Amino acid sequence: MSDYSLETKCVQGGYTPGNGEPRQVPIIQSTTFKYATSEDMGKLFDLEAEGYFYTRLQNPTNDYVAKKISELEGGTAAMLTSSGQAANFYAVFNIAGCGDHVVASNSIYGGTYNLFSVTMKKMGVEFTFVDPDCTEEELNAAFRENTKAVFGETIANPALTVLDIEKFAKAAHSHGVPLIVDNTFATPVNCRPIEWGADIVTHSTTKYMDGHGAGVGGCIVDGGKFDWMKHAERFPGLCTPDESYHGITYAEKFGMGGAFITKATAQLMRDLGSIQSPQNAFLLNLGLESLHVRMKRHCENGQAVAEFLNGHDKISYVNYCGLEQDKYHALAQKYLPNGSCGVVSFGVKGGRKAAEAFMKHLKLGAIETHVADARTCCLHPASATHRQMNDEELTACGVYPDLVRYSCGLEDANDLIADLAQALEQI
Ligand SMILES: *Cc1c(COP(=O)(O)O)cnc(C)c1O
C-alpha cells in the first residue's frame, strides 16, 4: 500500500482479500482460535510464531484496521485499544512506570490530563506540564534524569492550540526519549506527526476516524524510528529480557519497527485487556473508508462557521487556526496546510448565562459530550466537563465561562450558519 496516496489507503488499506475471500473486512467474532497441537500453541505463547490465540490480546479484524491506520500515519506497527484513554495510557505506561517522569503539554484533553495528573501519579509516574508555546529553553528545563517520554496533541481538545511538533521532537530526541503525539483532531488526513519527528502517534478513534458517533475506540501507531537500544539503560522494559516471555528482549527480537507495539500487546493487553471489540473495529473501518472525504467537508464547514462568528457583534472571540488572526495560524500553515478540523470554539458576549441561553436555541447543533461527529454538536465546558471549577479557575486554564465548543458536522454550511444566526438573535 505504501505507493498509493492517502486517499487510496483510506479506502483499501490494511486488508487485501485473497481469491474467494470476503471483499469486506470480516468480523472475526471469536474469543479464541483452534490449533492442532499444544506445541503449535506453545510457539505462539513464546512469541516464536505469529498467530492468534485469544482475543484479549489480538484479533484479526482489529489487526486489519490497525494496519490501515498504521499505513495512513506512515508507521511500522499499530494496535487498536478499547478507547482513546486506553491508547494514551498504554502508550505512556509502555515506557514509563513507577519512579519515572514524563514531560507533557498542558494543552491537552481533560481526560488525558486527569489520567496523567491523578491516576498515573498514584501509580508513581510524575508529569511536568509545559505551555506548548514555551521557548526551547523552557522546554529543555522540564527534563529530568528519569524522563522517559514527551507528550502533546497536534490540535488540542478543547483549547485548539496547535503543537509545534518539530520543537517538541527536537527537545525529546536531544534528551534520548521519544515524542508521543495524540493526533485525534487532525487525523492523518490533515497531519502525519511521524513525518515531523514524532515517534509514537495515538488516537481516540471515537472521533473523526469513526466519525458517526457509533463506537468508542483508540489506536497506537509506532513510527519505528526511535532507537531503543541506543538508550538501553533508559528503557529496560524494551532492552532487557522479559521473564514473562522466556527472556525475550523486545528491541532485539522485533527491532525498532516492532518492539513497542509487540511489548504493549504482549504485556499491557495481556494484563490489562483494554481490547477493542471486533464489531467496533469493523464500524471504525467503515468510518476510515470515507475519512479523507469527510475531513475535507468538516474543515470547510469549520472555516465557514468560524468566519461567520468572527464578524458577529454578539461574539467576543473565536478560536480557529484557519482564521488569519488566530494565534496558531502560522503553525497551522506549516503543519496543517490542507485544513485542521471542524471544531471551533468561541465566546458569547454576556458570559456564562448568554452561552447557555444561546445553545438552548440551536436546532441543528445538539448539546452533547462529543466532538467530531457527522452531526453538528456543541458543549458548554463550564457547565459540563469543567463543571467543578469556578469562574476564576476556568479563566486560569483558558476555558472561559462563556466558551462554547462547536463541532461542525457534515451538514450544509449555510444551514449551520442560519441556525447559529437565529440562536444568536434570540439572546
Ligand atoms: C476524546 C479524546 C480522548 C479520549 O478518547 P476516548 O475514546 O473518549 O477514550 C483522547 N484524546 C483526545 C484528543 C480526545 O479528543
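Coordinate-derived values only; no laboratory data. Owing to the predicted nature of the structure, the values given are computational and were not obtained by experimental measurement. Don't worry about glycine lacking a Cβ; one is built from the backbone with ideal geometry, like all the others, and counts go over all protein chains shown.
Applying a DSSP loop filter and a limit of 14 other Cβ atoms within 10 Å to the GluC sites (Glu not before Pro) in the stretch 321-368 leaves GLU324.
Taking label positions 7 Å along the Cα-Cβ direction at both GLN24 and THR369, the computed distance is 3.2 nm, reported to one decimal. Here is the list for the stretch 1-92: GluC sites (Glu not before Pro) lying in DSSP coil, each with at most 12 other C-beta atoms within 10 angstrom of its C-beta, are GLU48, GLU50. Under the combined filter of DSSP loop state and at most 15 neighbouring Cβ atoms within 10 Å, the stretch 125-180 retains these GluC sites (Glu not before Pro): GLU145.
Compared with the dominant Cα axis of the chain, that is its longest principal axis, helix 351-360 is turned about 80°. The stretch 187-230 and the stretch 280-348 have Cα centres spaced 19 Å apart. The angle between the Cα long axis of helix 84-93 and the main principal axis of the chain comes to about 50°, on a 0 to 90 degree scale. Note on the chain: percent of Cα-Cα distances in each 20 Å bin, starting at 0 and stopping at the bin with the largest distance, equals 26, 56, 17, 1. Counted over the stretch 270-427 with a bin width of 5 Å, the fraction of Cα pairs per bin, in whole percents, is 2, 9, 16, 20, 18, 15, 10, 7, 3, 1, 0, 0. Note on ASP415 and GLU243: with the Förster distance fixed at 45 Å, the Cβ-Cβ geometry gives a FRET efficiency of about 0.15. A Gaussian network model of the chain, with springs between Cα atoms under 10 Å, assigns the largest mean-square fluctuation among CYS299, CYS134, CYS408 to CYS134. If both residues of a DSSP beta bridge must be in the chain, then about 60% of such bridges are antiparallel. Rounded, prolate or oblate for the stretch 328-380? Axes are the square roots of the Cα gyration tensor eigenvalues, ordered a ≥ b ≥ c, and the cut-off for rounded is a/c under 1.5. Cα axes put the stretch 328-380 in the oblate bin. Both radii are taken from the alpha-carbon atoms of the stretch 1-82; with Rh as the Kirkwood radius, Rg/Rh is 1.02. Rg then Dmax, both in Å and based on the Cα atoms of the stretch 304-361: 12.8, 38. Angle of helix 278-289 to the longest C-alpha principal axis of the chain, folded into 0 to 90 degrees and rounded to 10: 60°. Ellipsoid fit via the Cα gyration tensor, the stretch 31-75: semi-axes of 25, 12, 7 Å, each the root of five times an eigenvalue, largest first.
For the stretch 79-157 versus the stretch 353-412, the spacing of their alpha-carbon centroids is 25 Å. When the chain is described by a simple charge dipole with +1 on each Lys and Arg Cβ and -1 on each Asp and Glu Cβ, the residue from GLY350, CYS321, THR31 located farthest towards its positive end is THR31. Rg over Rh for the stretch 253-333 works out to 1.22, using Cα positions for both radii and the Kirkwood form for Rh. Based on DSSP H segments of at least four residues, each scored -39500 (n - 2.57), the chain has a per-residue ellipticity at 222 nm of -9500 deg cm²/dmol. Note on the stretch 156-305: the C-alpha convex hull projects to 10.3 nm² when averaged across all orientations.
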